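I have placed the structure first, in the form of structure tokens, so that the comments after it can refer back to it.
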Amino acid sequence: MKIIALVSTLLVASASAFAPAASSERSVTTALNMDRRSAMGAVAAAGVVVAMPSIASADGAISTATRQRSKFLYGSRITALQEAVDKGDFSAVASEKNAFILYNSGAYPAKKEKAQKNDAVAATNTIFAAIRTKDKAALKTSFKSYLSVTKMSDYQAELDGSQGQGYSTDSDYRKLTKQGAIYVR
């Protein structure tokens, strides 16, 4: 729709720029209202004005689908660390630092969720403080606290095909995971 409006605006501006002026009976020559440089400037300005609303229509990509995708992708990486946390493997948890950061920013992207995001970030900071001090007990308690603060479910649980369908297209983020079951009769 916007392309049609842009093209029509350009055509009208172009036609009006090169339309002949009202001629007198004595003069048969045509006069242009503006030169080419002015006409092209007018056409460019009209194009900018028409394209301006599309620039301001970005929504920030905050939707239920993007939240679910973020929670699943990074939440599954975080819940997979449970065994490493139980063993006290600090390097395994530290290697997944980006999963914590991306989960916190993707699960709580809206401004109204700032308190929840701050709680999740604080819980993440306690996990990495325990890693810096090499305290296994503090790592276990801070990881358990993080899971409860973020209300993270077990993304490692396998979904049975008889219970429902996990995904429906090849581009789904759950494909080839334990939660990507397909119901087949």
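The values are calculated or read from the model by the stated rules, or taken from the named source; none is laboratory data. Being a predicted model, the structure only gives us computed values, none of them experimental. Note that we place each Cβ from the backbone using ideal geometry, even for glycine, and neighbour counts take in every protein chain shown.
Worth pointing out:
- No other residue among A15, A46, A22 is outside the structural domain of A123 (by TED's automatic domain parsing) and either surrounded by 12 or more Cβ atoms within 10 Å (Cβ to Cβ) or modelled with pLDDT of 65 or more (or both) apart from A46.
- The set of residues in the stretch 109-132 that are of a type in the set (A, V, I, L, M, F, W, C), more than 16 Å from K144 (Cβ to Cβ) and exposed (fewer than 15 other Cβ atoms within 10 Å of the Cβ) comprises A110, A115.
- Across the stretch 59-108, the number of residues qualifying as free of Cβ contacts under 8 Å to residues at least 12 places away in the same chain and crowded, with 17+ Cβ neighbours inside 10 Å comes to 1.
- Those residues of the stretch 49-75 which are modelled with pLDDT under 75 and of a type in the set (S, T, N, Q), in sequence order: S54, S57
- The set of residues in the stretch 117-153 that are assigned to a helix (DSSP H, G or I), farther than 19 Å from S95 by Cβ and of a type in the set (G, A, S) comprises A120, A122, A137, S145, S148.
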